[in-house]
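Engineer: Dumping the structure here so I can ask a few things about it.
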Amino acid sequence: MDYKYTGIILNKKDVGETDRIYTIYTLESGKIRVLAKSVRKANAKLAGFLENFNLTEIFTAKSQGIGKITGSLVINNFSEVKNNFEAIRDVFNSIELLNKMIKEESGDQKIFKLLQEYLETMNEVAKKNNQDKNEIVSLGFAFKFFEELGYKIEVGSCAFCQEKIKEGNNFFDPEQGGIVCEKCLSNLKTRIRANANTIKILRIFFRNRLGSLIKLKANKKDLDNLEIIKREFFKWIE
């Protein structure tokens, strides 16, 4: 049976002497794995269409086991990202995060659109070679991705007592799934300080599209704080 997908190449793995298995996040069926026969031969044209992070149309045939790629057309290869070391590093890390969290054939068009918007936004940022913007957009993607999976961080009210968060000594606890106020600290197992700017940026992430985050400014201290929160939250929900 033949299938046609719109997909983003997540990664690839060499098998046999000349073949590869590609992991692709598709609009139609979520994450799939498909085999490309003889794609590593010197004269193989298909390999150029199946580079990591490419947005492609993919044609497959399947009878038993995983499908086999019969053809592909590139829609967007995000060339600016691939020509920028910092951008491609951040995209690689974001793709790895998504790949770890998503099971095969669990389709979600919202996640596909979010990933596509992320790559398009990073491509625009890469043109300007602004590493801070790479980091802001990538962090925004991670937290919005968690939200789409049902793990939105609570930033409006204390995740423990539900009172409105005020400026002061606030902390993030991954187990509680949000910001916790100072008076509830004794109930926490994990305490990660979250200053006023960190909380403000998280709120901006959840209220805006990724493309809008190009305009957002943040200092290195706040970005490092957000990276710690992202890493610890990922550990808890993984």
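The values are calculated or read from the model by the stated rules, or taken from the named source; none is laboratory data. Computed from a prediction, not measured in an experiment: that's the story for all the values here. In this analysis, Cβ positions are derived from the backbone assuming ideal geometry, glycine residues included, and neighbour counts consider all displayed protein chains. The accessibility values were calculated without ligands, DNA or RNA, using every heavy atom of the protein model including side chains. Shrake-Rupley method; radii C 1.70, N 1.55, O 1.52, S 1.80 Å.
Engineer: Write out, first by first residue and then by second, each pair whose Cβ atoms fall under 7 Å of each other, whose residues are 6+ apart or on separate chains, and whose first residue, in region 69-95, is outside any strand (DSSP E or B) while the second is among the acidic types (Asp, Glu).
Structural biologist: From region 69-95, the pairs are Asn77/Glu51; Asp90/Glu135.
Engineer: I need every pair where a residue in region 219-238 that is without any contact (Cβ under 8 Å) to a residue 60 or more places away in the chain has its Cβ under 6 Å from the Cβ of a residue that is open to solvent by less than 20 Å² (accessible area, probe 1.4 Å) and in a helix (DSSP H, G or I), sequence separation at least 6 or different chains.
Structural biologist: Going by the 6 Å Cβ cut-off, the qualifying pairs are Asp222/Thr198; Asn225/Thr198.
Engineer: How about region 10-43: which of its residues are in contact (Cβ under 8 Å) with a residue 12 or more places away in the chain and aliphatic (A, V, I, L, M)?
Structural biologist: Leu10, Val15, Ile21, Ile24, Leu27, Ile32, Val34, Leu35, Ala36, Val39
Engineer: Can you find even one residue in region 26-46 that is closer than 30 Å to Lys128 by Cα, within 16 Å of the chain's Cα centre (by Cα) and not in a loop (DSSP other than H, G, I, E, B)? Don't jump to the end; show me each part of the working.
Structural biologist: So in region 26-46, the residues closer than 30 Å to Lys128 by Cα come out as 26-27.
Applying the additional criterion that residues be within 16 Å of the chain's Cα centre (by Cα) yields 26-27.
This time we only want the ones that are not in a loop (DSSP other than H, G, I, E, B), so: 26.
The answer is yes, given that some residue of region 26-46 is closer than 30 Å to Lys128 by Cα, within 16 Å of the chain's Cα centre (by Cα) and not in a loop (DSSP other than H, G, I, E, B).
Engineer: Look at region 206-218 and say how many of its residues are open to solvent by 100 Å² or more (accessible area, probe 1.4 Å), assigned to a helix (DSSP H, G or I) and touching a residue at least 40 places away in the same chain (Cβ under 8 Å).
Structural biologist: Here the count works out to 0.
Engineer: Which ones in region 129-160 are among the charged types (D, E, K, R) and either open to solvent by less than 10 Å² (accessible area, probe 1.4 Å) or assigned to a helix (DSSP H, G or I) (or both)?
Structural biologist: Those that are among the charged types (D, E, K, R) and either open to solvent by less than 10 Å² (accessible area, probe 1.4 Å) or assigned to a helix (DSSP H, G or I) (or both): Asp132, Lys133, Glu135, Lys144, Glu147, Glu148.
Engineer: Say whether the condition of being within 17 Å of Lys221 (Cα to Cα), crowded, with 17+ Cβ neighbours inside 10 Å and aliphatic (A, V, I, L, M) is met by at least one residue in region 177-194.
Structural biologist: Among the residues of region 177-194, at least one is within 17 Å of Lys221 (Cα to Cα), crowded, with 17+ Cβ neighbours inside 10 Å and aliphatic (A, V, I, L, M), which makes the answer yes.
Engineer: Something else: I'm trying to understand the selection: among the residues of region 167-205, which are assigned to a loop (DSSP other than H, G, I, E, B) and among the charged types (D, E, K, R)?
Structural biologist: The answer is Glu167, Glu175, Lys189, Arg191.
Engineer: In addition: Any chance you could count how many residues in region 47-72 are open to solvent by 40 Å² or more (accessible area, probe 1.4 Å) and not polar (S, T, N, Q)?
Structural biologist: Final tally of qualifying residues: 9.
Engineer: May I ask you to list pairs of residues, at least six apart or on different chains, whose Cβ atoms are under 6 Å apart, with the first in region 156-173 being more than 14 Å from Asn197 (Cα to Cα) and the second being in a strand (DSSP E or B) and not charged (D, E, K, R)?
Structural biologist: Cys158/Val180; Ala159/Gly178; Ala159/Val180; Phe160/Val180; Lys164/Ser157; Asp173/Val180
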